[in-house]
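The values are calculated or read from the model by the stated rules, or taken from the named source; none is laboratory data. What you see is a predicted model; the values in this text were computed from it and never measured. Cβ: placed from backbone, ideal geometry, glycine included. Neighbour counts: every protein chain shown. Only protein heavy atoms, including side chains, enter the accessible area calculation; ligands, DNA and RNA are left aside. Shrake-Rupley method; radii C 1.70, N 1.55, O 1.52, S 1.80 Å.
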Amino acid sequence: MSIKIALPKGRLLRDTAALLEKAGWELCGYEEGARFYRFESRRFPGMLLKLFHEKDIPIQVAVGNYDLGICGLDWIEELLVRYPSSALVKVKDLGYGASDLYAAASLEATTLDEMRSNLDVVRIASEYPNLAESFAAHLRLRHFKVYPLWGGAEVYPPESADLALLSEATVEPFAYGLVPTKTVLSSSAFLVANKTSWETKDLSEVLSTIGVGALPAKKPRATTSSAQTPGQRYSGWNDDDTVRLALPDGHQQVHAVKLLSEAGIRIEDYPSKTGNRRPCIGIEGVVVKVIRPQDMPMQVANGNFDLAITGKDWVREQLYQFPSSPIVDLLDLKFGRVRLVAVISKELPANDTLGLRQLVEGRSAPLRVASEYINIADRYARENHLGPYRVIPTWGATEAFLPEDADLLIENTETGSTIARHNLKIIDELFVSTACLLGSTNGKPGSRKQQTIRSIVETLKGAVERMSQKPEGA
Amino acid sequence: MTEQRCKGCWDLGPDDMTKFRAIEEAYRDSCLKWGYKEIRTPTLEYLHLFTSTGTLTPARLNKVYSFLDWDGWSGERVVLRPDGTIPAARLYIGSMEEKVLAKFFYVTNIFMFEETGREKREKWQCGAELIGAGSPLADVELIMLACEVLGKLEIKDVKLKLSHIGLIRGLLKKLDITPAEQDRLFEQILEGNGDALTKLAARSPELEKALPLLLDLKGQSSGFVKNLKVLLVRELPELEPELNDFIAIVDLLDTLECRYQIDITAASGFEYYTGVTFQLFAGDDEVGGGGRYDALIPLMGGKDTPASGFALYVDRLMDLIEAGHPAGSRAHRILLSIDSHDRASVSESFNMARLLRSSGYIAEFSLGAQRPADFRWTLDVRGKAPRFVLTDRTKRKKTEANNADEVLALLGH
């Protein structure tokens, strides 16, 4: 009998690898920086082990793609609070990766009790939108909005959100001038099982090796600093004349810095070695926060930012979900070129979308489409009449899903080499995406803010033109 | 064949719709005659409408169908209506607040997630709201209206249970617990956990004597509440206004010879209730409920306006009434057969059918699949004289006619 297990990448990887080594699983390749997603156990030769983003694991186990999974309790509860009937069994607290999930506010913010009685909207930013909504309902907040984020929630309060729901594992709140106001959940690494697998399969041999039945050996929590140093603030963030610019974190930072430098715009501490998300920019009347490019279109649309450097792929993703979003692509910045492509396993006898459609016609099981771009993927499957289908949201490393856990990927690729390395093939190109300067259509014409925005656009336009004339790599 | 119907959702077939319409018509008829006016509110509402007032418990809020609309980039969520009263109150505040008295009724669907998918996630209810009246008479009017509809539908073994949220809130305040704990206990009670109340007795020496009398006994007359008043007011004088209100209501019900049972623990329902609440049962099936919600409209930003309302649960009533005939009585159903399909015969048949329908009959063309037994009459339309042959299937009698007037005359017109 083959047993399928989903293992986490990221913060839990090292401790999980140590646990499984101690358990004698003798895994090959489950280590940081692994380039492949499938592993084998010398002790359990029939076992299939696959690497996932932690957030994907509860979903993969609940839908029955995996019998067992290891991930943080925070992601398990994020699924269960919205979908309580998910087929998940929380088997065992593994005792490591301890981390509190808490609601944090700025030092100067009103208390939670005041927020409860306040008639104003309470804005909550979080990577955990389901837990955030449940938290707000239990707190009896009268009117709240939840901003679902890909990351960087700590930089939102107080200007762009009133509360951030944060994981202690990823953010030291005091460094950002935030204080935890309430612990929402105490999380640690958990072993979860698919309910049907738990009820029907004999998993006992595997479980016994990792000490299921014994009490978890709790690792001491990392002590957090309690020095309440006020973080940086933008006192004029919401002034009418201030232009609020969002710059990307992650690998786009290098390109963004090059562009700003070419434009003669000075920026300090970006990219930041200390995780500073409020770099100082040398343009009067402009303030900057560093957030995820995926979150930028929604943040410009909802008025939290006036300008953002993001990818056209994420702009399109936003417009497919919210077609009348008040956002406009002001300038093609030409860098960060990727193709959005439809990808299937090389083993499938189809070479284009029509071939795939013919292949799935008459099939009773729905086509499984995995993507980080759930709205683009949804539209692609719908418009290409790919029969009954289901979109599986993913949080990176989507290529790991084929062929066992998905039939089709909508994925971005720079060179196509990762796709080829994983024995996959491109059957369609949806569009080409580059970075762009995104603005809002809600600006007041003729205002000082609009003049500053126009001047930034012109400056960047000149820089883009100069850069495109330079030879590659110069 | 794979089941393609959404989990927790049900179709209403022809027999179901006949029952549904019978309930709706009985309800509309009564409401209109009691001076209520029909409203219809949208299926989509903002989620904050239901969070802003503490109007739904967190347990209920976790089961609503909420999502970001097509223009939901601001993070504002919308919800498939989980309750009928709050949208009606919003409508009143938004466009009718100048009215001193507003009497609404509606037949609407509400949506609430149910985990197993074996129960309905979309439910229908007949609701009524009486806004602007805070008297015991107003509460009694709603109870009597609900009972009248159940009577019209010939629902058997109807029982009325009464409770009073004002009394429960008063009792909770006497406990040595924080407001947050009070809220949690209140939620448990509203979720139908009557035991939560009985466990309170041990929490307060003042309540220890009074609570068993209040919670364990089920009274059936105003005398019961009057007795409780004598007992409770000595220990808990702050409950006197609630007790007086309750007495006035049950006094009126006694006068109207409306039978009821007072069961303080039967207080499940919505967090917005403030005064008397009632539940209607047919046997063991709960078929309706309602209550007073004086605090709701001010909490939603409206003026300080008393209000109360109820809902009858259509899905449960449908299980309790007879199906009746799918479309009108058999006595008025005529099946037309066209012998010849030449232009003149077809034209004459359609004219004849139109005349029959305007005279109050259900006239169907024979398409080869109808059961003649479902029709009292059959009418053969022929290409030659006699043009019409009318058969009375009850009396087993055939008669001939040469034009439409003669057919109508044979039918007694």
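In the stretch B:250-297, which residues are of a type in the set (S, T, N, Q) and in a loop (DSSP other than H, G, I, E, B)?
Of the stretch B:250-297, the ones of a type in the set (S, T, N, Q) are B:255, B:261, B:265, B:268, B:274, B:277, B:279.
The answer is B:Thr265, B:Ser268, B:Thr274.
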Residue list for the stretch A:387-411, restricted to those being surrounded by fewer than 20 Cβ atoms within 10 Å (Cβ to Cβ) and under 21 Å from the mean Cα position of the chain (by Cα): A:Arg390, A:Pro393, A:Trp395, A:Gly396, A:Ala397
Hits in the stretch A:157-177 (condition: touching a Phe, Trp or Tyr at 6+ places or on another chain (Cβ under 7 Å) and within 14 Å of chain B (Cβ to nearest Cβ)): A:Ala161, A:Ala164, A:Leu165
Subset of the stretch B:4-44 (residues that are modelled with pLDDT of 95 or more, open to solvent by less than 50 Å² (accessible area, probe 1.4 Å) and among the polar types (S, T, N, Q)): B:Ser30, B:Thr41
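Does A:Tyr96 satisfy the condition of being more than 15 Å from A:Glu127 (Cβ to Cβ), touching a residue at least 60 places away in the same chain (Cβ under 8 Å) and part of a loop (DSSP other than H, G, I, E, B)? Working first, answer last.
Working: more than 15 Å from A:Glu127 (Cβ to Cβ): yes; touching a residue at least 60 places away in the same chain (Cβ under 8 Å): yes; part of a loop (DSSP other than H, G, I, E, B): yes.
It is true that A:Tyr96 is more than 15 Å from A:Glu127 (Cβ to Cβ), touching a residue at least 60 places away in the same chain (Cβ under 8 Å) and part of a loop (DSSP other than H, G, I, E, B).
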Neighbours by Cβ (under 6 Å, 6+ apart or cross-chain): first from the stretch B:232-250, farther than 15 Å from B:Leu214 by Cα and open to solvent by less than 10 Å² (accessible area, probe 1.4 Å); second hydroxyl-bearing (Ser, Thr, Tyr) and assigned to a helix (DSSP H, G or I): B:Val250/B:Ser222
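Residues A:Ala104, A:Ala87, A:Ala98: which one is open to solvent by 20 Å² or more (accessible area, probe 1.4 Å) and either in contact with a Leu (Cβ under 7 Å, 6 or more places away or on another chain) or within 14 Å of chain B (Cβ to nearest Cβ) (or both)? Even if it seems obvious, please write down each step before you answer.
Details: A:Ala104 fails: open to solvent by 20 Å² or more (accessible area, probe 1.4 Å); A:Ala98 fails: either in contact with a Leu (Cβ under 7 Å, 6 or more places away or on another chain) or within 14 Å of chain B (Cβ to nearest Cβ) (or both).
Only one candidate qualifies: A:Ala87.
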Scope the stretch A:123-138; condition more than 8 Å from chain B (Cβ to nearest Cβ) and surrounded by fewer than 22 Cβ atoms within 10 Å (Cβ to Cβ); matching residues: A:Pro129, A:Asn130
Close pairs from the stretch B:7-29: first farther than 15 Å from B:Leu312 by Cβ, partner in a helix (DSSP H, G or I), Cβ under 9 Å, at least 6 apart: B:Trp10/B:Asp16; B:Trp10/B:Asp315; B:Leu12/B:Lys19; B:Leu12/B:Phe20; B:Leu12/B:Met318; B:Asp16/B:Met318
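Can A:Ile291 be described as away from chain B (no Cβ under 14 Å) and aliphatic (A, V, I, L, M)? Spell out how you get there, then give the answer.
Working: away from chain B (no Cβ under 14 Å): yes; aliphatic (A, V, I, L, M): yes.
Criteria met by A:Ile291.
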Flag if A:Leu319 is within 14 Å of another protein chain (Cβ to nearest Cβ), open to solvent by 40 Å² or more (accessible area, probe 1.4 Å) and out of contact with any Asp or Glu (no Cβ under 9 Å at 6 or more places or on another chain): yes
Which listed residue is among the small types (Gly, Ala, Ser), away from chain B (no Cβ under 14 Å) and touching a Pro at 6+ places or on another chain (Cβ under 8 Å), from A:Gly64, A:Gly69: A:Gly69
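Would you say B:Leu47 is at pLDDT 90 or above and facing chain A (nearest Cβ under 10 Å)? Let's see the steps before the verdict.
On the way: at pLDDT 90 or above: yes; facing chain A (nearest Cβ under 10 Å): yes.
When the stated conditions are applied, B:Leu47 passes them.
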Among the candidates A:Val89, A:Val81, residue that is at negative phi, touching a Phe, Trp or Tyr at 6+ places or on another chain (Cβ under 6 Å) and not basic (Lys, Arg): A:Val89
Selection from the stretch B:64-99 of residues that are more than 9 Å from chain A (Cβ to nearest Cβ) and over 22 Å from B:Gly302 (Cβ atoms): B:Val64, B:Tyr65, B:Phe67, B:Leu80
Options B:Gly151, B:Gly166; residue that is surrounded by fewer than 17 Cβ atoms within 10 Å (Cβ to Cβ) and in a helix (DSSP H, G or I): B:Gly151
The stretch B:380-400: number of residues that are assigned to a strand (DSSP E or B) and not polar (S, T, N, Q): 9
B:Lys63 modelled with pLDDT under 90 and surrounded by 15 or more Cβ atoms within 10 Å (Cβ to Cβ): yes
Number of the condition not met by A:Asn118 [criteria: (1) crowded, with 23+ Cβ neighbours inside 10 Å; (2) within 20 Å of B:Gly301 (Cβ to Cβ)]: (1)
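For the condition among the hydrophobic types (A, V, I, L, M, F, W, C), more than 12 Å from chain B (Cβ to nearest Cβ), closer than 17 Å to A:Leu245 by Cα and open to solvent by less than 60 Å² (accessible area, probe 1.4 Å), what is the one hit in A:Leu333, A:Leu356? Before you say what the answer is, go through the steps one by one.
On the way: A:Leu356 fails: closer than 17 Å to A:Leu245 by Cα.
Result: A:Leu333 is the single residue among A:Leu333, A:Leu356 that is among the hydrophobic types (A, V, I, L, M, F, W, C), more than 12 Å from chain B (Cβ to nearest Cβ), closer than 17 Å to A:Leu245 by Cα and open to solvent by less than 60 Å² (accessible area, probe 1.4 Å).
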Test: residue in the stretch B:97-112 that is farther than 21 Å from B:Ala59 by Cβ, open to solvent by 40 Å² or more (accessible area, probe 1.4 Å) and within 24 Å of the chain's Cα centre (by Cα): yes
Sole exception among (1) on the phi > 0 side of the Ramachandran plot; (2) within 14 Å of chain A (Cβ to nearest Cβ) for B:Gly132, by number: (2)
